[in-house]
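Throughout, read-outs are computed from the coordinates displayed, never taken from laboratory work. Remember, it's a predicted structure, so these values are computed and weren't measured experimentally. Here the Cβ positions follow ideal geometry from the backbone for every residue, glycine too, while neighbour counts run over all protein chains shown.
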Ligand SMILES: [Fe+2]
């Protein structure tokens with residue numbers, strides 16, 4: 001369960017004042033207490049009932065130029081500030097089941113009914129509406145390899161809502177939630193931890209009914225480009241994929257390189273041999289994922305060779 005941080009702040013601040021506080025050297029989003037100490041400031045920003053509408057109007061007047069440049073999310077998110085390697089600030093819209101955007105787009109663009117953890121910490125406040133619901137769990141990240149179907153000790157904590165003005169700190173690799181639609185359109189404002197290392201640390205999707213890892217949500221451009229490089233005969237692109245498979249510091253990327261080498265192999269036996277080498281890795285994720293991929297390949301042997 002994310003850490004609920006009680007705050008009785010009644011004053012209001014502008015977004016720039018929050019940014020100024022976050023830009024101080026002493027703020028470290030990777031440190032739980034440092035992050036939690038920003039709760040009163042976030043609450044004061046939430047007490048400002050005008051700033052978000054003013055930003056939205058300014059963005060619309062500018063044809064959302066800044067959003068196009070800085071916002072890597074869907075239209076669910078307004079990026080409010082992004083100028084630091086350490087953090088960014090965003091507003092999230094949480095439609096209810098009655099809202100046309102949910103009826104027409106479905107629940108997946110809003111990450112509803114997709115139980116997951118986060119590979120970053122974030123501080124959030126309910127800004128508008130009754131707030132989204134979540135079923136909260138906790139788990140031990142260090143006990144998990146990350147293989148699909150792997151059993152996880154998921155501990156249910158409670159179902160609750162991000163009520164207006166409630167401030168919560170979601171802790172990376174600990175808090176899991178199954179997010180459910182708000183009863184009415186709601187908005188939250190988040191301070192998000194940012195770091196160049198995050199793409200290399202796994203964020204998981206869970207099957208909470210089975211208490212299993214359902215998959216890894218983290219994707220990077222590297223993994224997509226490995227597929228292209230493995231199939232490209234020119235230059236030394238296959239050498240590059242082989243070197244990633246052998247020694248990239250991220251085990252998920254090492255496995256992706258092995259998988260793409262196998263996918264692009266000349267024949268079934270070469271593909272199976274590549275995956276068998278991966279299955280012999282001393283790293284549990286690389287070995288386990290390679291075993292799963294090898295089993296999938298073997299199951300399709302007749303189809304591939306026929
Ligand atoms: Fe989440």
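Enter the angle in degrees (range 0 to 90, nearest 10) between the Cα long axis of helix 237-247 and the first principal axis of the Cα atoms of the chain, meaning the one along which they spread out most.
With rounding to tens, the tilt is 80 degrees.
With each run of n ≥ 4 DSSP H residues scored as -39500 (n - 2.57), what mean residue ellipticity at 222 nm is computed for the chain after dividing by its residue count and rounding to the nearest 500 deg cm²/dmol?
Theoretical 222 nm ellipticity from helices: -10500 deg cm²/dmol.
Where the centroid of each part is defined by its Cα atoms, how far is segment 33-80 from segment 145-198 in Å?
With segment 33-80 and segment 145-198 each reduced to a Cα centre, they are spaced 19 Å.
I need the shape label for segment 215-306. Rule: rounded when a/c is under 1.5, else prolate if a/b > b/c, else oblate, with a, b, c from the alpha carbon gyration tensor.
Here segment 215-306 falls in the oblate category.
Given a Förster radius of 51 Å and the C-beta distance between residue 68 and residue 158 as r, what FRET efficiency does 1/(1 + (r/R0)^6) yield to the nearest 0.05?
Efficiency computed from Cβ-Cβ geometry: 0.85.
Where Rh is the Kirkwood radius over the Cα pairs of the chain, the temperature 4 °C and the viscosity 1.567 mPa s, what D in µm²/s does Stokes-Einstein return? Walk me through the intermediate numbers first.
Values: Rh = 21.5 Å.
Diffusion coefficient, whole number: 60 µm²/s.
Apply 1/(1 + (r/R0)^6) to the Cβ-Cβ distance of residue 237 and residue 14, taking R0 = 45 Å, and write down the FRET efficiency to the nearest 0.05.
Values: r = 50 Å, r/R0 = 1.11.
Taking R0 as 45 Å, the efficiency between residue 237 and residue 14 is 0.35.
Quick one: order 88, 200 by neighbouring beta-carbon count within 10 Å, fewest to most.
Arranged by neighbour count, lowest to highest, 88, 200 become 200, 88.
Neighbour counts of other C-beta atoms within 10 Å: give me 117, 50, 183 arranged from fewest to most.
Least to most surrounded, the residues fall as 50, 183, 117.
Mind checking the angle between helix 51-61 and the chain's longest principal axis? C-alpha axes, 0 to 90 degrees, to the nearest 10.
Relative to the chain, helix 51-61 is tipped by roughly 70 degrees.
Could you give the nm distance between label points at residue 225 and residue 82, where each point is 7 Å from its Cα heading toward the beta carbon?
Going from the residue 225 label point to the residue 82 one covers 1.8 nm.
When a footprinting reagent is the concern and you count Cβ atoms within 10 Å, what order do 93, 156 take, fewest first?
Starting with the residue having the fewest Cβ neighbours, the order is 156, 93.
Considering only DSSP beta bridges whose two residues both sit in the chain, what percent are antiparallel, to the nearest 5?
Counting only bridges with both partners in the chain, antiparallel ones make up about 95 percent.
Cα axis of helix 284-299 to longest principal axis of the chain: angle in degrees, 0 to 90, nearest 10?
Computed tilt is about 60 degrees.
What are the extents of the Cα atoms of segment 78-164 along their three principal axes, in Å, largest first?
Extents along the principal axes: 38, 36, 24 Å.
Give me Rg/Rg_expected for segment 143-269, where Rg uses Cα atoms only and Rg_expected = 2.2 N^0.38 Å with N residues.
Its radius of gyration relative to the 2.2 N^0.38 Å reference: 1.40.
Among rounded, prolate and oblate, which fits segment 131-218 when a ≥ b ≥ c are the square roots of the eigenvalues of its C-alpha gyration tensor, a/c under 1.5 means rounded, and a/b larger than b/c means prolate? It would help to have the intermediate numbers written out before the result.
On the way: a/c = 2.17, a/b = 1.39, b/c = 1.56.
Note, shape of segment 131-218 comes out oblate.
How many nm separate the modelled label positions at residue 295 and residue 53, each set 7 Å beyond the Cα in the direction of the Cβ?
Label-label distance for residue 295 and residue 53, simple model: 5.6 nm.
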